[in-house]
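As structure tokens, the structure follows; a few thoughts come after it.
Bear in mind these aren't lab numbers, they're just calculated from the coordinates by the rules spelled out. Fair warning: this is a prediction, and the values are worked out from it, not measured in the lab. Cβ: placed from backbone, ideal geometry, glycine included. Neighbour counts: every protein chain shown.
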Amino acid sequence: MERFNFIFVVAGVMFFTLAFVIMGALPIAQYQGIDVVSMDQLATNIPYQFEELARDYPEAFEKAFGTREPTAEAFKDAIEVGRQAYIAEACWHCHTQQIRRIDPNDGTEVGHDISRWAPDTRLESQADEYHNAMNYPHLFGTRRVGPDLIRSSGRHSNDWHLAHLWNPRHTSPYSVMPPYTWFFDDTEGKTPNRKGLGMVAYLQWLGSWHTQFAPTRFENLPRLPFDEAWYPPYVPEEAPAEGEADPYGSEEEDPY
Amino acid sequence: MTQVATSLIKPVVLTSRGETRVLVDTTSCTLHFIAAVSWIGIGIVAGLLYSFVFLRLYPNEGVELLSPGRVRMVHTNLMAYGFLTNAFIGMMHWVIPRLTGEPVLSHALSKVIFLAWNTIVAAAVFGLLTGQAQAIEWGETPFWVDHLVVVGVALVVVNFCWSIIRSREKAMYVTLWYFTAAFVWTPLVYIMGNYLPQLLVPGTGGAALVGLFIHDLVGLFVTPMGWGLMYFFVPVITRKPIYSHAISLVGFWGLAFFYPLNGVHHFLWSPIPMFAQYGAVISTIAVEIVVTTVVINFILTMRGEWGRLKDTIALRWFMVGMTCYFITCLQCAFQTTLTMQKVIHFTDWVVGHSHLVMFGVFSFWIAGVIEHLWPKLTGRDWWSRRLNLWHFWLWTGGVALMFADLTVIGVVQGLLWDSLRPWEESIRYSEIGWFFRMISGWMILIGFLCLGVNMLMSFMAREDHTDSEYAGQFPEPPTGAAGARA
């Protein structure tokens, strides 16, 4: 047991492989056989906030994405740019993208995640929300200085996000978030550049599958197995009939 | 057992396998320690700079290259790859040839590794500051740097494993068990954590792997290196053998079996399947039991030697670090439970925990190694014992303040979130804690300056001091060519 070869093979290779199989390969194996949602599939559901961006900042939008129309190509480009900026600035070190299965109103004594971050759907994060081309790698995060962002779509307007990125204290007086002035082309924070527009598009995309596209969600996202579902899968109470679904929802349905 | 302790002290130059060769490459050793101390200096400044942002005092707001998020990644990556890795390589240059009686593969390769590794660290800092980070915690080094890291790690492994494989020593000492295992684990962990989630495994499955990576980097690279150096330097300094060989075996094999299973506890209550989460919790608690055996082994080794803490500062670093290690692991056994995770996950509690591990334990142990080895490597006594004492107390006080402070405000944050009061309240109640964290950062920076100045002044001293406590304590022959001829 104190020989080089024994330690090398048993402790080094075998124990590591055992742990990799149990803790890594088995969870991954649960999702095998289910296609990863591609960028093209994601771009079939473009949040209305992206169209607002194209409408409100036409020159900046054209400069950033080469078109004035909120096309699928521009959308794919924008959320990818936003994700890159989100990683480069390490946003994920202070903002999580994960709603845990705990809440005082659902049977556990302590915990706040669902009431705070998913008050409308009352649904914790599901594995399928991350099973797409935008999650190489995932951005769960491990520290929550600022709010969780996985359902940030629609929580604030585009203008709020841009003002917040220019100087967080303008919108949230107690925020400790640093300003991101290099997301803008001018010195007054009025002209977002490619990174700024991409970041807003990305933030408005996060969770849009819940707030905007619930009726069509199951056509585009696969259902992934999870071994202990604490809640039934989310089904809208009055799902509109096929073909009648208004992708933007009506005023009454908007939880915000 | 006494033979083990005495056999640790090998002459620096020795004929092995009938060859007359330089056994220990003290130049590489010194270079790696200089690099390590330089990187930790930059890393501490980066960490302190980052602590300002929480007080809304960040001095470089609006400067893209010094954006706080990027500075944070520089802080963590410099600690892991700049400071700890450099110091461990330097320490292994001292330890491994002594234990095996064989030099490393090539002293020239050692120099190449030194240059290559520090180029990699500099490239990583450049990449992080210019916004090329990768979204893997502890592995934020840009993806293009990852390939270089793998090559660098492979070179280190080959260089040192050569020495262990060719050894003709009858017994393989505990230190070498830990190092051997780490040589296998580190490349596997790095490749698993940096490549699979980036290229092959999206989302939740990738999260399971990243959880393994976060924890394995600490548990399967840093921890074996740390315990390896403890098993070497504590018996060497106390001139006493380790209390029990059997307990050493329990500690090593327990760590080897349970530690790799822990990773998913970084993502409890997440969409990762619950069987993995339960397994991670159970094996984390098991690690605490294993750790206790190792700590008991060292406490019994120290029987009758505790008085030496008064005058041997290196031993102080080791024992305070070991105390921090026990506190960390005990805390871990409780905080990993699903119940506690509801409150403390995502809070500053975890930040305090990680500082206690990476700084309070492993940085302290390396400080002890530097304290012990620097006079031997330079051939000159420490310039000032008083500065060493200041270094010790400032770092001990700094990490104690930071740990206590972050643990308390971590609980405050968790309970405020649970109360569903406005989010800003958790920020406002945390401000006092963040202020004291900045104070602890200043303490650690000043302690580092004491170390740096002392190392520099000792290095530049013309001749050895002969009238201090260190005189005659290390009666070893000079190294290099002069020693080889002797």
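Modelling each spin label as a point 7 Å along the Cα-to-Cβ direction, I'd like the A:Ile34/B:Leu199 distance in nm, to one decimal.
2.5
Can you sort B:Met402, B:Met274, B:Met322 so the residue with the fewest Cβ neighbours within 10 Å comes first?
In order of increasing Cβ crowding within 10 Å: B:Met274, B:Met322, B:Met402.
What Kirkwood Rh does the stretch B:157-212 have if only Cα atoms enter the pairwise 1/r average? Answer in Å.
Kirkwood radius, the stretch B:157-212: 13.2 Å.
Scan chain B and note any complete DSSP helix (H) whose C-alpha atoms cover at least 30 Å along its axis and whose Kyte-Doolittle average is 0.5 or more.
Once both thresholds are applied, what remains is B:26-53, B:107-129, B:143-165, B:174-195, B:274-301, B:313-335, B:385-418, B:423-460.
Explain nothing, just the number: relative contact order of the stretch A:43-220, from Cα pairs under 8 Å at least 6 residues apart, as a whole percent.
30
Using only alpha carbon positions, build the gyration tensor of the stretch B:80-136, then give the equivalent ellipsoid semi-axes as the square roots of 5 times its eigenvalues, largest first, whole angstrom.
For the stretch B:80-136, the ellipsoid semi-axes come out as 29, 12, 7 Å.
Need one value for B:412-425: mean number of C-beta atoms belonging to other chains within 10 Å of its residues' C-beta atoms.
Mean shielding by partner chains, rounded to a whole number: 4.
Between A:Phe184 and residues 5 or more places away or on another chain, which pairs have amide H atoms under 5 Å apart, with H built 1.01 Å from N, and which residues are they?
Amide H neighbours of A:Phe184: A:Asn193.
How large is the charge dipole for the stretch B:21-170, taken about the Cα centre, if only the Cβ atoms of Lys, Arg (+1) and Asp, Glu (-1) carry charge, to the nearest 20 debye?
Taking the Cα centre of the stretch B:21-170 as origin, the dipole is about 480 debye.
Over the whole of A:86-98, what's the average partner chain Cβ count within 10 Å per residue? Rounded to a whole number, please.
6
Please state the charge dipole magnitude for the protein assembly as shown, taken about the Cα centre, from unit charges on C-beta atoms (+1 on K and R, -1 on D and E), reported in debye and rounded to the nearest 20.
With only Lys, Arg, Asp and Glu charged at Cβ, the dipole is about 4220 debye.
Averaged over its residues, how many other protein chain Cβ atoms are within 10 Å of peptide A:167-177's Cβ atoms?
Mean number of neighbouring Cβ atoms from other chains: 3.
Below 8 Å, C-alpha to C-alpha, sequence gap of six or more: please give me the relative contact order for chain B in percent.
Result for chain B is 17 percent.
Can you compute 3J(HN,Hα) from phi for each residue in the stretch A:47-57, using the Karplus curve 6.51 cos²θ - 1.76 cosθ + 1.60 with θ = phi - 60°, rounded to whole Hz and x for Gly and Pro?
Calculated HN-Hα couplings, in order: x, 5, 5, 5, 5, 5, 4, 5, 6, 7, 10 Hz.
About the Cα centre, and with charges only on the beta carbon of Lys, Arg (+1) and Asp, Glu (-1), how big is the dipole of chain B? Nearest 20 debye, please.
Using Cβ point charges on Lys, Arg, Asp and Glu, chain B gives about 1020 debye.
Please give, to one decimal in nm, the separation of the simple spin-label points placed at B:Val408 and B:Ala461, each 7 Å out from Cα toward the Cβ.
Label-label distance for B:Val408 and B:Ala461, simple model: 4.1 nm.
Gap in Å between the Cα centre of the stretch B:108-150 and the Cα centre of the stretch B:360-397?
Answer, in whole Å: 28.
Looking at chain B, how many pairs of lysines come closer than 19 Å at the Cα, when each pair is eight or more places apart or spans two chains?
Lysine pairs meeting both conditions in chain B amount to 4.
Cut-off is 10 Å between beta-carbons; in what order do B:Ser354, A:Ser208 appear when sorted fewest neighbours first?
By the 10 Å Cβ count, ascending: B:Ser354, A:Ser208.
What are the semi-axes of the equivalent ellipsoid of the protein assembly as shown, taken as the square roots of 5 times the eigenvalues of the Cα gyration tensor, listed largest first and rounded to whole Å?
49, 27, 24
Would you mind calculating the gained length between A:Asp186 and A:Val21 on full extension (0.36 nm times residue separation, minus the Cα-Cα distance), in nm to one decimal?
54.2 nm
Kindly list the residues of the stretch B:343-359 that lie in the label zone of B:Ile327, defined by a backbone N under 14 Å from the point 7 Å along the Cα-to-C-beta vector.
Backbone N within reach: B:352-359.
Kindly rank B:164-170, B:141-147, B:311-317, A:135-141 from highest to lowest mean number of other beta carbons found within 10 Å of each residue.
Answer by packing, highest mean first, reads A:135-141, B:311-317, B:141-147, B:164-170.
Taking amide hydrogens as modeled 1.01 Å from N in the peptide plane, which residues meet the under 5 Å criterion relative to A:Val37, leaving out close sequence neighbours?
A:Asn132, A:Ala133
Need one number: convex hull volume per residue for chain B, Cα atoms only, in Å³.
145
Per-residue counts of other Cβ atoms within 10 Å, averaged by peptide: what ranking do you get for A:24-34, B:203-213, B:226-236, highest first?
Ranked from most to least packed, the peptides come out as B:203-213, B:226-236, A:24-34.
Once you list every other residue whose beta carbon is under 10 Å from the beta carbon of B:Arg70, what net charge do they have if Lys and Arg are +1 and Asp and Glu are -1?
-2
What is the spin-label model distance, in nm, from A:Arg116 to A:Glu51 if the labels are put 7 Å beyond Cα along the C-beta direction?
Each label point is offset 7 Å from its Cα along the Cβ direction, giving 3.4 nm.
Working from the alpha-carbon coordinates of the stretch B:345-462, get Rg over Rh, Rh being the Kirkwood radius.
1.16
Which far-off residues, 5 or more places away or on another chain, put their amide H under 5 Å from the one on B:Phe346, with H placed in the peptide plane?
Long-range HN contacts for B:Phe346: none found.
For an R0 of 35 angstrom, estimate the FRET efficiency from the Cβ-Cβ distance between B:Leu249 and B:Arg386 and round to the nearest 0.05.
With R0 = 35 Å, the Cβ-Cβ based efficiency is 0.25.
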